[in-house]
Amino acid sequence: METENLSFYDKENMPSASKMCFGIVVSEGNKDIISDMLHACVDTLKENEALEENIRIKTVPSAFDLVYGAHQMMLRDELDAVIVLGCVIKGETSYADYICNGLSTGIAQLNTQSTNPIILGLITADTKEQAMARSGGDRGNKGVQAAVSAIKMVKF
């Protein structure tokens, strides 16, 4: 995983997303990183034939709020999958650990309650440089990986 390029996937064996509807929930924190992830996610969905009108984007104030945002999108919109995009950069305290644990637990619970997948596109990093490497830098882009996962899980 440490050397994996998050943007690599086998394009030849991807299902078509032409009839799929996606919700994307993004957190407002770390805007530059999230913006790069969002653009890569949307571009990847479109590259795999998703129609622009079938991609709905909402924002929430923080990474922790992604669980609520994903749940509301699933309840209110007719979607085949929801993708959540966030970035948590560890500081000097354990606060980031609590946020990531709550977020991953919340998304896992939503996945057990929903008939449609909710994809966790979360960058967790010790530094901003590490996060940037995973949002379009030398490690690829987590937004691409989240979009690919969403398409494959809808087809699943």
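The values are calculated or read from the model by the stated rules, or taken from the named source; none is laboratory data. Note that the structure is predicted; figures quoted are calculated from it, not measured. Backbone-built Cβ (ideal geometry, glycine too); neighbour counts: all protein chains shown. Keep in mind that these areas ignore ligands, DNA and RNA; they rest on the heavy atoms of the full protein, side chains included. Shrake-Rupley method; radii C 1.70, N 1.55, O 1.52, S 1.80 Å.
About the Cα centre of the stretch 97-147, how large is the charge dipole given +1 on each Lys and Arg Cβ and -1 on each Asp and Glu Cβ? Please answer in debye to the nearest 20.
On the way: 4 positive and 4 negative charges, 28 e Å.
Here the stretch 97-147 has a charge dipole of around 140 debye.
What are the residues whose amide H is under 5 Å from the amide H of residue 59, where those residues sit 5 or more places off or on another chain and H is modelled from the backbone?
The answer is 26.
Highest GNM mean-square fluctuation, the chain, Cα pairs closer than 10 Å: which of 141, 13, 111?
Per the Cα network of the chain with a 10 Å cutoff, 13 tops the list.
Rounded to the nearest 20 Debye, what is the dipole magnitude of the stretch 44-156 about its Cα centre when Lys and Arg each give +1 and Asp and Glu each give -1 at the C-beta? Display every interim value, and only then the final one.
Values: 11 positive and 13 negative charges, 23 e Å.
It comes to approximately 120 debye.
Within the chain, which DSSP H helices have Cα atoms that stretch 18 Å or more along the helix axis and a mean Kyte-Doolittle hydropathy of at least 0.0? Please list the in-between numbers first.
Values: long enough: 31-47 (23 Å, 0.03); 95-113 (27 Å, -0.02); 142-155 (20 Å, 0.57).
TM-like helix candidates: 31-47, 142-155.
Just 135, 27, 62 to compare: in a GNM of the chain, with alpha carbon springs under 10 Å, which one fluctuates most?
Ranking 135, 27, 62 by mean-square fluctuation puts 62 first.
Can you put 100, 41 in order of accessible area, largest first, using a 1.4 Å probe? Write down the numbers at each step before the final one.
Numbers: 100 25, 41 0 Å².
The ranking, largest first, comes out as 100, 41.
Please label the shape of the stretch 26-79 as rounded, prolate or oblate, based on the square roots a ≥ b ≥ c of the eigenvalues of the alpha-carbon gyration tensor (a/c under 1.5 means rounded; beyond that, a/b larger than b/c means prolate, else oblate).
Judged from the Cα gyration tensor, the stretch 26-79 comes out oblate (a/c at least 1.5, b/c at or above a/b).
Compute the separation of the alpha-carbon centres of the stretch 20-56 and the stretch 63-106 and state it in Å as a whole number.
Each part's Cα centre sits 15 Å from the other's.
Taking square-rooted eigenvalues a ≥ b ≥ c of the alpha carbon gyration tensor, is the stretch 107-156 rounded, prolate or oblate, where a/c under 1.5 means rounded and, failing that, a/b exceeding b/c means prolate?
Numbers: a/c = 5.76, a/b = 1.90, b/c = 3.04.
It is oblate, given that a/c is not under 1.5 and a/b is not larger than b/c.
Whenever you get a sec, compute what percent of the accessible area on the stretch 83-156 sits on carbon and sulfur atoms (1.4 Å probe). Each step should come with its number before you reach the end.
Numbers: 1930 of 3780 Å².
Carbon and sulfur together cover 51 percent of it.
Run lengths n ≥ 4 of DSSP H only: what is the helix-derived mean residue ellipticity at 222 nm for the chain, with -39500 (n - 2.57) per run over all residues, to the nearest 500?
Values: 5 runs with 67 residues, N = 156.
The per-residue figure over the chain is -13500 deg cm²/dmol.
In the full protein assembly as shown, how much of residue 115 is accessible to a 1.4 Å probe, in Å² to the nearest 10?
Its heavy atoms expose roughly 140 Å² to the probe.
Would you mind giving the average projected area, over all directions, of the Cα convex hull of the chain in nm² with one decimal?
Details: hull surface 34.4 nm².
Dividing the Cα hull surface by four gives the mean projection, 8.6 nm².
What number comes out for accessible area per residue over the chain if the probe is 1.4 Å? Units Å², please. Please list the in-between numbers first.
Numbers: 8520 Å² over 156 residues.
Result: 55 Å² of accessible area for each residue.
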